[in-house]
Amino acid sequence: MMSRRDFLQMSMAAASLYGASGFGSWARLAAQDRFDQDKLLEFDTFGNVTLMHITDIHGQLKPLYFREPAINIGVGENHGKVPHITGEDFRMRYGIGGGTPLDYALTYDDFVALAGAYGKVGGLDRVATVLNAIRADRPDALLLDGGDTWHGSLTCLRTAGQDMVNVMNALKPDAMTFHWEFTLGTDRVTELVEGLPFAALGQNIFDAEWDEPAELFKPYEFFERGGVKIAVIGQAFPYMPIANPGWMFPEYSFGIRDAHMQEMVDEVRAQGAELVVCLSHNGFDVDKKMAGIVTGIDVILSGHTHDALPEPVQVGQTHIIASGSNGKFVSRVDLDVRDGRMMGLRHKLIPIFSDLIAPDPEITALIDAQRAPFIDDLTHVVGKTDALLYRRGNFNGSWDDLICEALLEERDAEISLSPGVRWGPSLLPGQDITREDIYAVTAMTYPNAYRTEMTGEFLKIVLEDVGDNLFNPDPYLQQGGDMVRVGGMGFKIDIDEPQGNRISNMTLLSTGEKIDPDRSYVVAGWASVNEGTEGPPIWDVVEAHIGKLGTVSQGAPTPVEFVLPDGN
Amino acid sequence: MTFTRRETLALGLGAAALAAMPGASFASTEEAIAAFTGGAEVGEGGIELTTPEIAENGNTVPVEVSAPGATSIMLLATGNPNPDVGTFNFGPLAGSRSASTRIRLAQSQDVIAIARMEDGSFTRTSAPVKVTIGGCGG
């Protein structure tokens, strides 16, 4: 058996194999740890089945920076449990040295300095190189896309997902499940799904009218690989019509539907499946709970909450794999399946270091072809940042602080609200801010920046509602994402309290006065799920604001005081 | 104001629903149960209630209930202004003692199902359903 440390080293070194060696500090660190390529290759292939998992790409075709969260609080049984540990706790848990490439890839500390040393991550042309190298080891490896693929960039928005479909098709996935794809609207989703040369899966995608499985999406697909009969069951994001505008896809109903999941597992086992894989967009804690309820799933490939974990988490006989977001990681899972059951698993979370992994030239050309019609917009420089701009964190992100500030200024509001989404790359101090960068944190099909009035009482209800969707101790009542970002108003949140009692000390920052439940406040926000929301698209609001600033400097984050759960 | 009147109303209604105090209709729920059971003791088990964990639309929440051997099943929405949803009656020739319907839920609340069995005994189960404004997906 490999020790954990060896295991992690394998994960890292695998990435270096694919690129030209001798790039800066990576090679130096690798040399210090005396990586031996032959030994790595010997270890590389295991058992008789290989799964490759990528998820939550959010339209990111090109290399980028992506800072992981500093604050990612787990509640209930998930207090202090993976993936709800960050920084030093994360390094301790996995034996990762400070300042190493894995530290850069998986934690937030010293992000700017480490980004300077190790460079960008992701890029689907680099991902292609990694996939090809794995396929060289195991030509029939399955590639499974966890969804949130056709969303999140300027080109993806302008082409209604076509750019991502074109590039992903070239990577040859075997199956996919869904979330933000549905925000393209039913007609476009239907058009794209009908044209896919691979399986579109979701056992929990139902016809809303008849409450029966939707015809367009199969619950599962069988594959024969290495003499093994594999069933891949899809699980789409359960709360799409709540977290996203249901009026864009009224024909569909979702939900966790774990009883139906169990039926599907039993059905595929009865048909001879020797390995059952769930390709999930549940989010990590929901997958953990589901794994404790549904029996017979060998591997859950987990998406939605953007967690990247160097080791699987085991619940009963089910192994959960979390593969990050934004094209930053690919998980390779090698399995030994014999006599109709899974006998062993070896897993590598492969960080896609863009400078170390040689891009696949065909995919680079294909990506550039998608971008060519929009290249003037993409490269248009709006301003510059002196601050690190990032999004991830339960309460604040500097990108969101900037967006909230733009809403206050450009929409002349007292308070601003910005959705607690987890997608969107980071920018380093000194970087230009292009129009592409602004779209990368705002692009969506319901971008209107509304301006309205809300009473103090209603504002509290909004914060309590979102707070409960994030911090309800029952994972099945969580929707993923982070706390709604607030501009112009500070507050305190007591995570262990029930809905209605979590939020207090709501304070209007401009005056320092407590929020009056009966007074109306002018509130600007975006990404409303209500049909007919009016206002300019958020990217125009942000661009106008940055244009006036010229250079974005480090601002003070909106003050959010939080009380941690007991024992965390 | 850039919300249309309809959206503002929708927001307002959601707010009112969520702000309502849970348990306000407790008395009438108990009354409804007493009327159905005639005050008899109510056991547990042998009845299955299927509801979504979170309602996609509080105005039309799919609910399925099944109790083999039941002659009738009553559904209650404890947090609604009028908790009585309805009662399904099954004749002796009914193949399956199950029913599905859609109900309106004004707020997060427990849905209760009580079955009267062929031997005159009663059994109950309940399931919480969350009703949320939503809107901030990852």
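The values are calculated or read from the model by the stated rules, or taken from the named source; none is laboratory data. Just so you know, these numbers come straight off a predicted model, no measurement behind them. Every residue, glycine among them, receives a Cβ derived from its backbone with ideal geometry; neighbour counts consider all protein chains shown. Keep in mind that these areas ignore ligands, DNA and RNA; they rest on the heavy atoms of the full protein, side chains included. Shrake-Rupley method; radii C 1.70, N 1.55, O 1.52, S 1.80 Å.
Looking across region B:37-62, just one residue is in contact with a Phe, Trp or Tyr (Cβ under 8 Å, 6 or more places away or on another chain), open to solvent by less than 50 Å² (accessible area, probe 1.4 Å), at the interface with chain A (Cβ under 7 Å from one of its Cβ atoms) and part of a loop (DSSP other than H, G, I, E, B), and that is B:Glu53.
Condition check ((1) surrounded by fewer than 19 Cβ atoms within 10 Å (Cβ to Cβ); (2) within 28 Å of the chain's Cα centre (by Cα); (3) at the interface with chain B (Cβ under 9 Å from one of its Cβ atoms)) across all residues:
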| position | (1), (2), (3) |
| --- | --- |
| A:Met454 | no, no, yes |
| A:Glu457 | yes, no, yes |
| A:Asp465 | no, yes, yes |
| A:Ile493 | no, yes, no |
| A:Asp516 | yes, no, no |
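Can you name every residue in region A:438-451 that is of a type in the set (S, T, N, Q) and over 15 Å from A:Val541 (Cβ atoms)?
Residue satisfying the conditions is A:Thr445 alone.
On the stretch given as region A:268-295, residues that are surrounded by fewer than 16 Cβ atoms within 10 Å (Cβ to Cβ) and under 19 Å from A:Lys229 (Cα atoms) total 5. Once region A:172-191 is narrowed to residues that are open to solvent by less than 10 Å² (accessible area, probe 1.4 Å) and aliphatic (A, V, I, L, M), the residue that is nearest to the chain's Cα centre (by Cα) is A:Met176. All of (1) within 22 Å of A:Asp298 (Cβ to Cβ); (2) buried (at least 19 other Cβ atoms within 10 Å of the Cβ) hold for A:Glu224 with one exception: (2). It is to be established whether one or more residues within region B:87-99 are within 14 Å of chain A (Cβ to nearest Cβ), open to solvent by 40 Å² or more (accessible area, probe 1.4 Å) and free of Cβ contacts under 8 Å to residues at least 60 places away in the same chain. Checking region B:87-99: at least one residue is within 14 Å of chain A (Cβ to nearest Cβ), open to solvent by 40 Å² or more (accessible area, probe 1.4 Å) and free of Cβ contacts under 8 Å to residues at least 60 places away in the same chain. Set side by side, the residues A:Pro473, A:Pro498, A:Pro517 differ, and just one is over 30 Å from A:Met290 (Cβ atoms) and either out of contact with any Lys or Arg (no Cβ under 9 Å at 6 or more places or on another chain) or part of a loop (DSSP other than H, G, I, E, B) (or both), which is A:Pro517. Would you confirm whether or not region A:202-211 contains a residue that is touching a strand residue (DSSP E or B) at 6+ places or on another chain (Cβ under 8 Å) and in a helix (DSSP H, G or I)? For region A:202-211, residues touching a strand residue (DSSP E or B) at 6+ places or on another chain (Cβ under 8 Å) and in a helix (DSSP H, G or I): absent. Which condition breaks for A:Gln431 when tested against (1) crowded, with 24+ Cβ neighbours inside 10 Å; (2) touching a strand residue (DSSP E or B) at 6+ places or on another chain (Cβ under 7 Å); (3) not acidic (Asp, Glu)? Only one criterion in (1) crowded, with 24+ Cβ neighbours inside 10 Å; (2) touching a strand residue (DSSP E or B) at 6+ places or on another chain (Cβ under 7 Å); (3) not acidic (Asp, Glu) is unmet by A:Gln431, namely (1).
For region A:256-267, which residues satisfy the criterion of being within 14 Å of chain B (Cβ to nearest Cβ), open to solvent by less than 10 Å² (accessible area, probe 1.4 Å) and either out of contact with any Asp or Glu (no Cβ under 7 Å at 6 or more places or on another chain) or not in a loop (DSSP other than H, G, I, E, B) (or both)?
Residue satisfying the conditions is A:Met261 alone.
Close contacts from region A:121-143, counting a first residue that is closer than 13 Å to A:Phe46 by Cα and a second that is assigned to a helix (DSSP H, G or I), with Cβ to Cβ under 7 Å and a gap of 6+ residues or different chains, come to A:Asp137/A:Asp44; A:Ala141/A:Ile134; A:Ala141/A:Arg135. If the condition is being among the β-branched types (Val, Ile, Thr) and touching a Cys at 6+ places or on another chain (Cβ under 9 Å), then region A:198-254 contributes A:Val232, A:Ile233.
Applying the condition of being modelled with pLDDT under 95 and farther than 17 Å from A:Ser418 by Cα to region A:523-552 and asking which residue is nearest to the other protein chains (Cβ to nearest Cβ) yields A:Gly532. Counting residues in region A:231-242 that are open to solvent by 20 Å² or more (accessible area, probe 1.4 Å) and within 14 Å of another protein chain (Cβ to nearest Cβ) gives one or more.
Go through region A:306-316 and give me each residue that's open to solvent by 20 Å² or more (accessible area, probe 1.4 Å) and under 19 Å from A:Ile85 (Cβ atoms). Step through it out loud before you land on a result.
The initial filter retains those residues of region A:306-316 that are open to solvent by 20 Å² or more (accessible area, probe 1.4 Å), namely A:311-316.
If the condition is that a residue be open to solvent by 20 Å² or more (accessible area, probe 1.4 Å) and under 19 Å from A:Ile85 (Cβ atoms), then A:Glu311, A:Pro312, A:Val313, A:Gln314, A:Val315 are the ones that fit.
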